[in-house]
Amino acid sequence: MATELTLYQVDAFADRLFAGNPAAVLILQDWLPDALMQAIAMENNLAETAFARAGGDGYDLRWFTPTCEVDFCGHATLAAAHVLRHEMGISGDLAFQTRVGRIVVTGDRGRYVLDLPRFDPEEIDDPAGALTEIFPVPPRAFFRNFENLFAELEDETAVGSFLPDHPRIAMLDAGGLVVTARGRTADFVSRYFAPAAGIPEDPVTGSIHATLVPYWARVLGKSRLSAFQASARGGRIDCELAGQRVLLSGSAVTYMRAGIFLPS
């Protein structure tokens, strides 16, 4: 006999449907087998599926792309918090234990604040040219964190017009590639590509801002910043550098509640 679970799909970093970044969320009594969670994420075919279970003083949280489990995901954390608050009626601050440590989400369905760990950028050069060859014009700077490579481009137009070479990006020694620049209507803009994880382009990515915020805070000389991720769906994020933490503010909207049937 099949086991039925409730799956939610939420548009995160969005104040309306069909914007921001869609994520699937399952709130579990206990973990499913890893292979089954991976199969569910592959079936959903979204950038991330979040799995959460009650534990300790909050929830344990894991994230899967269509191809693998990942260490850090912001938008699916926001989606999970929205499901707990709006769909399940859980009040108070929501604390999640994750691979990158404790993440707390405050606020309600109108506006949420994610309290993320800060990952400072490590500036790098490109002696072999593997990165530079991806770009029509050499970037201003390269940097990285524990997970991704980043390139600062000339301006917002260069970010918007960048044509990703997915096979080359998938071969880089990193989870993905972020391109960023100063913005016109926001302090900075970005786009994110992670083809090796089954994500050709992520619409709005919370996790990369844990590094982009300290980078642009230093460049621009301020701790409160506005960000725009210039994907086709697009998303605006209000950001603050707060000591060793990065605060991201955004909204979320439930798109779907569905029953899924799993083999017993």
(message) Please return the ranges of helices (runs of 4 or more DSSP H) entirely within the stretch 155-238 where 1 or more residues are in contact with a Ser or Thr (Cβ under 7 Å, 6 or more places away or on another chain), at pLDDT 95 or above and buried (at least 20 other Cβ atoms within 10 Å of the Cβ).
(response) 156-161, 209-220
(message) Just checking, does the stretch 97-116 include any residue being of a type in the set (Gly, Ala, Ser), surrounded by fewer than 16 Cβ atoms within 10 Å (Cβ to Cβ), assigned by TED's automatic domain parsing to the domain that holds Asp15 and part of a loop (DSSP other than H, G, I, E, B)?
(response) yes
(request) Would you be able to tell me the number of residues in the stretch 100-114 that are among the aliphatic types (A, V, I, L, M) and more than 11 Å from Leu78 (Cβ to Cβ)? (result) 2
(message) With the structure loaded, tell me whether Asp120 is modelled with pLDDT under 95, surrounded by fewer than 18 Cβ atoms within 10 Å (Cβ to Cβ) and of a type outside the set (A, V, I, L, M, F, W, C) or whether it fails that test.
(response) no
(message) As an exercise: evaluate Arg99 against (1) basic (Lys, Arg); (2) under 24 Å from Ile169 (Cβ atoms); (3) touching a Phe, Trp or Tyr at 6+ places or on another chain (Cβ under 6 Å) and give the number of the one condition it does not meet.
(response) (3)
(request) Determine whether Leu247 is under 16 Å from the mean Cα position of the chain (by Cα) and surrounded by 24 or more Cβ atoms within 10 Å (Cβ to Cβ). (result) no
(request) Please list, ordered by first then second residue, the pairs with beta carbon atoms under 7 Å, 6 or more apart or interchain, first in the stretch 133-147 and polar (S, T, N, Q), second surrounded by 12 or more Cβ atoms within 10 Å (Cβ to Cβ). (result) Asn145/Phe119; Asn145/Pro121; Asn145/Glu122; Asn145/Thr211
(request) State all residues of the stretch 43-62 that are surrounded by 15 or more Cβ atoms within 10 Å (Cβ to Cβ) and under 17 Å from Asp115 (Cα atoms); if no residue qualifies, say none. (result) Gly58, Tyr59, Asp60, Leu61, Arg62
(message) Go through (1) at pLDDT below 95; (2) touching a Pro at 6+ places or on another chain (Cβ under 6 Å) for Asp108 and report which single condition fails.
(response) (2)
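The values are calculated or read from the model by the stated rules, or taken from the named source; none is laboratory data. Keep in mind the model is a prediction, meaning the values are calculated, not measured. Using ideal geometry, Cβ is built from the backbone for each residue, glycine included, and neighbour counts are taken over all protein chains shown.
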